[in-house]
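Derivation of every value follows stated rules applied to the coordinates shown; laboratory data play no part. All values reported here derive from a predicted model rather than from experimental measurement. Please note: Cβ atoms are built from the backbone with ideal geometry, for glycine as well, and neighbour counts cover all protein chains shown.
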Amino acid sequence: MKKITFIQTFILLLFVSTVFQACTKDDDATPTLQVPTTYSSASFDANVTAERTVRTELGDLTTELNSVESNAGVAIVTGITYPTNLKAITLPSYATKIDTWLAEMIKAANSGTGFVNPGTGTPTGDGGKLGSRLLDENGLELEQMVQKGSFGAALYNHALTVMGGTLTAASTDKLIEIFGTDITFDPTKVTHAASYAKRRSDNTNQTGLFYDMRNNLITAKAAIEGGSAFDTDRDAALAAFKLNWEKTNFATVIYYCNNAKTKLQAATTDAEKGDALHSYAEGVAFAAGWLGLTDKKITDAQIEEILTNLLASSTATPTSYKFLNDASLLANLDATITLIKGIYGFTDAEVTGFYTSN
């Protein structure tokens, strides 16, 4: 029998060690997440039935509110339906306010008078139309508080519920639907919150918040489907999606503060004044709908500061009409823009870009 020499034994051991190390490196190598360039889901429609119902209900409610505004002073309004599924996903504190606002809208629509500007006095009556806009006696357009406030208090609130549950491939489908778009992320086919993310983006070059959110969800879905090895990628993508939705919302507050200021400075007719308060109310609503929500960068104290600047504190009766009568209050709109800019670290160029609706 042939003896194995010391040198042969050494070479054999070296070979085995090398093979073992190579296998160990392969086994321990960090996997790389493969992220597609487009979003796909064969079961999308089946996965989003609940979210689609809510979107439909909010759309129907908005149509009903528009009808109430159009018929104010023309036909008697007897009631406005707050849809069941929409109400169920709304932050309870905000749903309670919506119940009150719907009743107030009915009073304003049936008041028999137009909006009475109290000037430096105290509001009287139940409100009415100023131009084409239906306002309560305090000068606040409650339709906006119901609709635009629900983008945060209902839609984003539901998104948080989805992200806080067991995450599956269906979860990102649900987030797409509740946000207000579909798997194509076509900017011409958006609604609700997604339509405002699109307005704060460059749709020609497909850059900006709307497209960042698209990429966030494509990445999150790929990570979920890839398994537990990609949980860190999944969590990072969903955190970015939440922050970008929040940035979209408060970039829109910036837009409406600037838009309201421009309109208030130029308004002379009732129609122009009504349109100015319409833009103002949108800014109030987009901010108010996030008060009390969890898992956000902005604090409730900062939201309250915004609402106080806008004379619509959550703890007091709004005095929105004062913006029609006191030009010095335009500085409050500028202060709100500056506050939001600082919270999110928006650049001057980004803020200026938010003044445009794309």
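Here are some notes:
- Among [x] 85, 37, 33; [y] 64, 43, 42; [z] 115, 42, 37, the entry that matches Cα extents along the principal axes in Å as calculated here: [z]
- Straight Cα distances below 14 angstrom link Lys297 to the aspartates and glutamates Glu246, with same-chain residues fewer than 8 positions distant left out.
- Linear extension gain, Ala42 paired with Thr308, 0.36 nm per residue minus alpha-carbon span: 91.1 nm
- The stretch between Glu272 and Thr338 holds 21.2 nm of extra length on full extension. This uses 0.36 nm per residue minus the Cα-Cα distance.
- Residue-averaged 222 nm ellipticity for the chain, from DSSP H runs of 4+ at -39500 (n - 2.57), nearest 500: -19500 deg cm²/dmol
- Highest-fluctuation residue, Thr299, Thr81, Thr338 considered, GNM on the chain with Cα pairs under 10 Å: Thr81
- Spatially proximal lysines relative to Lys263 (Cα-Cα < 21 Å; intrachain offsets below 8 disregarded): Lys129, Lys148, Lys273, Lys322
- For segment 44-354, the relative contact order works out to 18 percent when only alpha carbon pairs closer than 8 Å and six or more residues apart are counted.
- Separation of the Asn205 and Thr84 label points, Cα + 7 Å toward Cβ, nm: 4.9
- 0 to 90° range, to nearest 10: angle between helix 92-109 axis and the chain longest Cα axis: 30
- Its Cα centre serving as origin, the chain has a Cβ charge dipole (Lys and Arg +1, Asp and Glu -1) of approximately 740 debye.
- Label sites at Val74 and Lys107, each approximated as a point 7 angstrom past Cα along Cα to Cβ, lie 2.5 nm apart.
- Whether segment 247-296 is rounded, prolate or oblate, judged on the alpha carbon gyration tensor where a/c under 1.5 counts as rounded: prolate
- As a calculated quantity, the FRET efficiency between Thr315 and Thr161 at R0 = 30 Å, using C-beta atoms, amounts to about 0.65.
- Within a straight-line Cα-Cα reach of under 13 Å, Lys242 can be paired with the following aspartates and glutamates, leaving aside sequence neighbours fewer than 8 residues apart in one chain: Asp212, Asp295.
- Degrees, to the nearest 10: 231-266 long Cα axis against longest axis of the chain: 20
- Computed label-point distance, nm, for sites Thr262 and Thr191 using a 7 Å Cα→Cβ extension: 2.8
- Rounded Å value of the spacing that divides the Cα centres of segment 263-297 and segment 224-248: 31
- Summing +1 for each Lys or Arg and -1 for each Asp or Glu among the other residues whose beta-carbon sits under 14 angstrom from that of Thr124 gives -2.
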